[in-house]
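The values are calculated or read from the model by the stated rules, or taken from the named source; none is laboratory data. All of these numbers come straight from a predicted model, not from anything done at the bench. Note that we place each Cβ from the backbone using ideal geometry, even for glycine, and neighbour counts take in every protein chain shown. Ligands, DNA and RNA are stripped out before the accessible areas are found, and what is left, the full protein with its side chains, is counted by its heavy atoms. Shrake-Rupley method; radii C 1.70, N 1.55, O 1.52, S 1.80 Å.
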Amino acid sequence: LSSTPLFLHTNEGMGLAFIFHDPYVKFKLEGKTFYKSKVVHKNLNPKWSESFSFPLQDWEQVVDVRVYDKDRTTDEFMGSSTIVIKNLELDKTSEMVLSLEDPSSLEDDMGVIVIDTCLTFRDATIKRPNQKGDQPQDKDQTQDSAEATNMSQLWSGVFGITLLEGQDMPEYSQGDIYVRYRLGEQKYKSKNLRIQANPRWREKFDFNKYENWLEPLNVEVFVKRGRKSEESWGMLVWFEVDLSKLPVNTQQLYTQALDPGKGRLILLATFNPCSDVSISDINKPPLEQPDERDQILEKYSLKNSHKGVREVGFLQVKVFNATDLTSTDLNGKSDPFCVLELGNSRLQTHTIYKTLNPEWNKVFTFPVKDIHDVLELKVFDEDGDKAPDFLGRVAIPLLSVQNGQPVTRGLKNENLRGPAKGTISLVMEVHYNPVRAGIKTFKPKEEKFMEVNRKFSKKVLAQNIYRVRKITLAVLHTLQYIKSCFQWESTQRSIIAFLTFMVMVWTWELFMMPIFLLLLIGWNYFQVTPGRVSSNQDLVSVSSYCTVLYTELESGKKGLMEKIHMVQEIIITVQNILDEIACIGERVKNTFNWSVPFLSCLACLVLFVATAALYYIPLRYIIFIWGINKFTKKLRNPYAIDNNEILDFIKRVPSDVQKVRVQFSIQTEGIP
């Protein structure tokens, strides 16, 4: 955005005087739509309360504001107006009442739309409206611009919003209720709950506080009935002045009223400062400064495990260059830049113009919230006002990082299943506290920013069917083996099984269960050898079966496909359930076969502690302690987030598909 001169910040208001049912607004610049509001269904006085910003290239530009009525076939035009940029005052928020006009309509009064606008300069090197001609930028100006771009990406803290529950909400209707959050480009959606008087979510979402933070935090409650019917029950708008009053590292309880008759929303808000985010030149990495390195290593040392449990570790990434990228411009070149994503944290390099071999030479640092996160590096081609073109990506699990070792990774396509043209060179270093990382493993995993809803795919369905079928066959084979012992198909095997059963029943104690699982993990540890089992074999078998099944689906009768399209939403649900079942089975398997040594070691530690506890403490006492903990948990912490430690642990273990995507197989790709 540093190359774009002007920013227009528009906050839609309310009030359309004409009558229509489902209005929405489009904002256009030079005939191209750059923002489209949500549709307000069946409302004579729609309220959007949306905010956005957009870069402008010229002081003389005019924004076209057009209102439409949403219809199943063709949307009906309901009037338009304009915003003349040169008539706006700089750095001043002003309310504008735009009268809508339609030359082809017989109506004299088409209504009005109310908006707030604020025009600001975001780059000191740009051309002001009273300047004549473009002046070339000198080196100092370019550095200042790059520095301003870097500063705009950094965040100084994290707002934690915990959605607790709703109160006194109407129960007169059927459907689901959920909450959407938005702070700039950071968007979340809560889980769907059945409409009830006091729905309980108990979910937490984190929002980064950026330096140049202008937009408010919007929290809106929605009710969904059926596939397309959606109704807003109220929006809460928190501006910087409200959130800046939050005490540091202290929870603040908020009770916010919704629309009249719609009840209240109960939330907890916290603010945690963050200082481990930075962008610097290649010759000034933080971990190569003796004082800073000692401070970081001390912060995450074992003796300081009890301090700042929220901060698990520190990641430094040196991004040197990329080579042999795909050309996207007519001149055979590209304008590449690189985006680094760790969880919901995002930083990016500057753009190198007209080259296929960019050299960024930048150092990025991130705070590590979860040692099981995956660092993703995505290379894009800048394309002016249009969306950037994707060039390639790589995914690197933090637990696979070899500190200080230069590596060159080949770029992959967007779904990480095939190669893309080009490579990227970098050096990574991660330091973390194993105690904090272990504790975090048994806590709820941070939700990703709201993504586009997944659509039905026959190929994905075929893949998930194969994964579940593979696990089901393994279970059936085990049951068949046990059944064969009962039926004496093999005399020797049946005698051994019978004697083993008698001994186990006679001597069995509960502490033997974790011992058995511990021995199973140990057995697989000695069975694992480099190159013996490759996750690529899983991908080959999955792909070959999916190709066959996909072909069968394609060659099926058209009537079947018509039925699938009619119940598409049900099929998508089945597809996702199959994916979840397959992921759980694969993750349990990968816990025991040392796919992620840290998790397997952690499982060994937990099983060892469980063995000792069950050996020295009678079972009735353990159940007694467990019951007291469950009954007093609500009394000790009224706002505790419900979670299952075992499921939270399993979610950290990669499935077979994730192992392939992030290259968990033991294959050296580093080039020193």
Open item on the list: List the residue pairs whose Cβ atoms are under 6 Å apart, where the first residue sits in region 461-488 and is over 17 Å from residue 588 (Cα atoms), the second is part of a helix (DSSP H, G or I) and among the polar types (S, T, N, Q), and the two are 6 or more positions apart or on different chains.
Closed with: 461/575; 485/494; 488/494
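For every residue, the table says whether it meets (1) at pLDDT 80 or above; (2) open to solvent by less than 30 Å² (accessible area, probe 1.4 Å); (3) out of contact with any Asp or Glu (no Cβ under 9 Å at 6 or more places or on another chain).
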position: 578; (1), (2), (3): yes, no, yes
position: 582; (1), (2), (3): yes, yes, no
position: 593; (1), (2), (3): yes, no, yes
position: 610; (1), (2), (3): yes, no, yes
position: 623; (1), (2), (3): no, no, yes
position: 632; (1), (2), (3): no, no, yes
position: 643; (1), (2), (3): no, no, yes
Open item on the list: Filter region 294-337 down to the residues that are of a type in the set (Lys, Arg), closer than 30 Å to residue 440 by Cβ and touching a strand residue (DSSP E or B) at 6+ places or on another chain (Cβ under 9 Å) and list them by number.
Closed with: 299, 310, 318
- [ ] Kindly check whether there is at least one residue in region 54-68 that is within 22 Å of residue 220 (Cβ to Cβ) and at pLDDT 80 or above.
- [x] yes
- [ ] Output yes when any residue across region 310-317 is open to solvent by 20 Å² or more (accessible area, probe 1.4 Å), in a loop (DSSP other than H, G, I, E, B), modelled with pLDDT under 90 and closer than 21 Å to residue 153 by Cβ, and no when none is.
- [x] yes
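Tell me, please, whether a residue that is open to solvent by 70 Å² or more (accessible area, probe 1.4 Å) and either in contact (Cβ under 8 Å) with a residue 60 or more places away in the chain or not in a loop (DSSP other than H, G, I, E, B) (or both) can be found in region 319-329.
Here is the first cut: in region 319-329, the residues open to solvent by 70 Å² or more (accessible area, probe 1.4 Å) are 324.
In the following step, the residues that additionally are either in contact (Cβ under 8 Å) with a residue 60 or more places away in the chain or not in a loop (DSSP other than H, G, I, E, B) (or both) were identified as 324.
For region 319-329, residues open to solvent by 70 Å² or more (accessible area, probe 1.4 Å) and either in contact (Cβ under 8 Å) with a residue 60 or more places away in the chain or not in a loop (DSSP other than H, G, I, E, B) (or both): present.
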Task: Qualifying residues in region 277-292 (those that are open to solvent by 20 Å² or more (accessible area, probe 1.4 Å) and touching a helix residue (DSSP H, G or I) at 6+ places or on another chain (Cβ under 8 Å)) - the one nearest to residue 252 (Cα to Cα) - done: 278
- [ ] Just need a number here: residues in region 397-412 that are open to solvent by 40 Å² or more (accessible area, probe 1.4 Å) and among the hydroxyl-bearing types (Ser, Thr, Tyr).
- [x] 1
TODO: Could you tell me which residue of region 606-643 is nearest to residue 515 (Cα to Cα), considering only residues that are of a type in the set (Ser, Thr, Tyr) and in contact with a Phe, Trp or Tyr (Cβ under 7 Å, 6 or more places away or on another chain)?
DONE: 611
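Can you find a residue in region 479-498 that is within 28 Å of residue 617 (Cβ to Cβ), open to solvent by less than 100 Å² (accessible area, probe 1.4 Å) and outside any loop (DSSP other than H, G, I, E, B)?
Let us first name the residues in region 479-498 that are within 28 Å of residue 617 (Cβ to Cβ), namely none.
Checked region 479-498: no residue is within 28 Å of residue 617 (Cβ to Cβ), open to solvent by less than 100 Å² (accessible area, probe 1.4 Å) and outside any loop (DSSP other than H, G, I, E, B).
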- [ ] Collect the residues in region 464-478 that are β-branched (Val, Ile, Thr) and surrounded by 12 or more Cβ atoms within 10 Å (Cβ to Cβ), keeping them in residue-number order.
- [x] 465, 468, 471, 472
- [ ] Among what's in region 174-184 and is open to solvent by 10 Å² or more (accessible area, probe 1.4 Å) and in contact (Cβ under 8 Å) with a residue 40 or more places away in the chain, pick the residue that is nearest to residue 156 (Cα to Cα).
- [x] 180
TODO: Evaluate the following for residue 531: is it on the phi > 0 side of the Ramachandran plot and at pLDDT below 85?
DONE: yes
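Conditions tested, residue by residue: (1) under 19 Å from residue 654 (Cβ atoms); (2) assigned to a loop (DSSP other than H, G, I, E, B); (3) open to solvent by 40 Å² or more (accessible area, probe 1.4 Å).
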position	(1), (2), (3)
370	yes, yes, no
379	no, no, no
395	yes, no, no
425	no, no, no
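How many of the residues making up region 489-516 are within 25 Å of residue 588 (Cβ to Cβ) and among the aliphatic types (A, V, I, L, M)? It would help to see each step written out before you state the result.
Restricting attention to region 489-516, the residues satisfying the condition of being within 25 Å of residue 588 (Cβ to Cβ) are 497, 500-501, 504, 508-516.
Those still in the list that are among the aliphatic types (A, V, I, L, M) too: 497, 504, 510, 512-513, 515.
Count: 6.
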TODO: Consider residue 347 carefully, then state whether it is closer than 22 Å to residue 392 by Cβ and either buried (at least 17 other Cβ atoms within 10 Å of the Cβ) or modelled with pLDDT of 90 or more (or both).
DONE: yes
